[in-house]
């Protein structure tokens with residue numbers, strides 16, 4: 001249910017009384033009827049039908065579901081579903097026709113007009129994964145049952161993962177498929193001498209497709225085995241060397257017990273390209289992969305080809321990718337290891353930009369800079385996915401991920417406009433994806449659902465042609481604000497999209513480090529900051545301010561009351577745990593000072609009378625034109641206790657409100673007419 005956070009500076013003492021309860025339970029709901037809510041696909045095309053499934057722990061008699069579908073802060077559709085005695089219920093919704101849009105379904109369990117519980121889930125309407133990539137992985141392919149495969153992919157579907165990297169599925173790097181396209185081998189050993197099964201890889205791909213995800217075949221662009229000469233590779237003539245006289249190969253010596261070392265070929269060598277593309281083509285003929293995840297190993301210094309000519313390896317990536325696209329005509333993604341070659345990759349036919357992050361890019365600010373640099377390279381045409389391995393040292397041994405380290409990392413990446421490859425059969429802690437030493441605790445599993453719901457639902461203000469902008473914001477409290485990530489502060493930064501200003505607050509007040517890797521798992525849980533008063537220098541007349549967070553209210557958006565005077569908007573942030581997103585909606589081309597009186601004459605909400613009241617009061621308002629009006633009343637905890645939409649006429653209007661069913665206390669009434677919104681306080685005394 002949409003809520004209005006009721007915190008004015010004039011009633012700050014009232015909010016402090018309830019801050020503890022609000023921190024524990026913003027919605028005021030105590031029950032736990034919902035077990036989980038799922039959708040059938042990771043993404044949908046415009047006009048597709050979304051099939052929802054809700055599972056309940058228990059279900060009282062006489063309940064219904066009320067579902068509201070939000071795009072950002074606007075309700076675009078509502079529906080009700082009657083419930084039977086079954087603990088599993090399904091329903092459907094036809095998506096709007098506009099492409100590349102994120103939505104949030106807010107699902108309320110109601111009994112006798114009382115809300116018992118609430119759950120939310122995001123929906124991505126995107127005809128292609130390219131625009132809003134949410135990348136996951138697979139890394140192990142033993143003999144698995146269909147049920148096991150469905151369980152893994154179903155879990156990733158709940159996170160709205162829309163593409164899967166099939167890491168190290170292949171037989172050899174220079175020969176991914178063992179056998180032929182018409183007679184593939186039933187199994188083979190990969191480079192780590194693990195046994196991979198053709199049936200498992202194929203069943204995984206089919207299940208990935210069933211959830212409308214992309215299946216990407218992993219392989220290096222220049223790797224060959226020691227014995228690749230037996231497979232037709234000219235190891236000498238196509239190879240790369242560290243000297244002009246081809247005495248020292250560029251190669252990686254891999255651990256004892258692995259199938260082979262890796263010898264590196266020249267990506268610009270057309271004979272190597274032709275050979276490798278032909279091998280990749282065989283794999284695509286045997287298995288219905290959608291594309292190729294192209295990997296590299298980063299900057300290893302100066303290289304030469306066999307004839308002694310200097311080879312700038314990073315400069316070969318663009319030509320290699322273009323040739324691969326022409327030859328194979330599949331989707332492409334390429335890893336820029338610590339940004340090595342990223343500028344050339346950004347000009348190649350890749351679906352998005354992928355950056356594997358290593359030293360010296362060790363701070364949270366470095367992650368933001370990488371995402372910003374990627375956007376600059378491609379002129380904002382592609383989004384970024386970061387491979388950033390958290391709790392790296394901790395992952396050397398079995399144990400658990402450090403929940404605050406993971407969440408704070410995702411908060412920074414998501415707020416900056418990126419995504420994070422981290423979810424597969426397990427969560428990533430190492431660059432060797434099969435490493436599964438660390439498991440997720442229950443609180444981290446729940447947090448990841450909320451964070452990926454948030455990334456999906458609000459993709460249009462997180463990743464959709466937003467532009468970084470400077471902002472002037474101050475806090476009239478003991479909290480220190482900072483424009484860069486610093487311990488002991490709340491870090492804030494701003495982006496714009498049209499008439500929207502999107503402000504991100506990230507809580508580093510209690511953080512013990514600004515190093516994103518949290519290598520030893522020592523990052524601490526933040527203290528929740530409640531009722532944080534902020535003042536913003538507005539760029540024009542403010543229409544609305546609303547807030548959403550993956551950390552509270554299950555990602556639901558809520559209007560925030562504000563006052564505006566002399567170009568400054570003042571409001572109170574009700575709760576900040578790790579990350580809040582505040583959206584300021586401005587009037588188009590309207591100065592907050594020059595045209596203040598003109599706008600006020602168009603629409604206005606006036607003070608109710610009598611006030612205090614019992615049980616009736618009159619709410620006056622003025623309209624520029626006739627039209628529909630929405631009037632809502634909220635209690636001090638932000639729960640809506642009254643809502644009515646009706647027709648108002650041009651000029652002065654009055655609405656008589658009856659509070660007969662209310663308890664004594666402070667209430668707030670909100671008037672909404674098109675893009676106009678205003679809130680006032682009233683007091684009910686029995």
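Since every read-out is calculated from the coordinates, none of them should be taken as a lab result. Computed from a prediction, not measured in an experiment: that's the story for all the values here. Ideal geometry is used to build each Cβ from the backbone, glycine not excepted, and the neighbour counts take in all protein chains shown.
Brief remarks follow.
- Both radii were evaluated on the Cα set of the stretch 356-467; the Rg over Rh quotient, with Rh as the Kirkwood radius, amounts to 0.97.
- With the highest mean first, a sort of the peptides 203-212, 264-273 on other beta-carbon atoms found within 10 angstrom per residue produces 264-273, 203-212.
- Listing 99, 442 from fewest to most neighbouring C-beta atoms within 10 Å gives 442, 99.
- The simple spin-label model puts a point 7 Å past each Cα toward its Cβ; for residue 643 and residue 497 those points are separated by 2.3 nm.
- The calculated 222 nm mean residue ellipticity attributable to helices in the chain amounts to -5500 deg cm²/dmol, summing -39500 (n - 2.57) over DSSP H runs of n ≥ 4 and dividing by all residues.
- Counting only alpha carbon atoms, the long axis of helix 442-457 and the longest principal axis of the chain meet at about 80°.
- Within the chain, the ratio Rg/Rh, alpha carbon atoms throughout and Rh by Kirkwood, equals 1.02.
- Each residue, residue 49 and residue 189, gets one label point 7 Å from its Cα in the Cβ direction; the gap between the two is 5.1 nm.
- Relative contact order computed over the chain (Cα-Cα under 8 Å; 6+ residues apart), in percent: 12 percent
- The mean sequence distance of close C-alpha pairs (under 8 Å, at least 6 residues apart), as a share of the length of the stretch 605-684, puts its relative contact order at 36 percent.
- DSSP beta bridges confined to the stretch 319-434 are antiparallel in about 10 percent of cases.
- The chain: angle of helix 403-415 to the longest principal axis, Cα-based, in degrees nearest 10: 80 degrees
- Between the alpha-carbon centres of the stretch 490-511 and the stretch 615-649 there is a gap of 31 Å.
- For residue 97 and residue 467, the FRET efficiency from 1/(1 + (r/R0)^6), where r spans their Cβ atoms and R0 equals 30 Å, is about 0.65.
- Over 14 Å [Cα-Cα, the stretch 243-298], rounded percent: 71 percent
- All-pairs alpha carbon distance profile, the stretch 467-586, 5 Å steps from 0, percent: 2, 11, 21, 24, 20, 12, 6, 3, 1, 0
- Ordering of 181-188, 350-357 by packing [mean C-beta count within 10 Å, highest first]: 350-357, 181-188
- Shape of the stretch 31-125, Cα gyration tensor, a/c cut at 1.5: prolate
- Rounded Å value of the spacing that divides the Cα centres of the stretch 352-387 and the stretch 463-480: 21 Å
- Per-pair calculated FRET efficiency, R0 = 22 Å: residue 445 and residue 58 via Cβ, rounded to 0.05: 0.55
- All-pairs alpha carbon distance profile, the stretch 357-418, 5 Å steps from 0, percent: 4, 16, 26, 23, 16, 8, 5, 2, 0
- With Cα atoms, 0 to 90° folded angle of helix 364-377 axis to the chain main axis: 80 degrees
- Note on the stretch 91-163: percent of Cα-Cα distances in each 10 Å bin, starting at 0 and stopping at the bin with the largest distance, equals 15, 34, 30, 18, 4, 0.
- Efficiency of FRET from Cβ geometry, residue 515 and residue 88, R₀ 45 Å, rounded to 0.05: 0.50
- Label-to-label distance, residue 245 versus residue 258, with points set 7 angstrom from Cα along the beta-carbon direction: 3.0 nm.
- Seen from every direction in turn and averaged, the convex hull around the alpha carbons of the stretch 605-684 projects onto 4.7 nm².
- Of all DSSP beta bridges in the stretch 467-586, antiparallel share, percent nearest 5: 95 percent
- Legend: ranking of residues 146, 619 from fewest to most surrounding C-beta atoms inside 10 Å; resulting order 146, 619.
- Fraction of antiparallel bridges per DSSP, the chain only, in percent to nearest 5: 80 percent
- For the peptides 650-659, 372-381, the ranking by mean Cβ contacts within 10 Å, running from highest to lowest, is 372-381, 650-659.
- When 251, 216 are arranged by Cβ crowding within 10 Å, least crowded first, meaning fewest neighbours, the order is 251, 216.
- For the stretch 31-125, the relative contact order comes to 34 percent (Cα pairs under 8 Å, sequence separation of at least 6).
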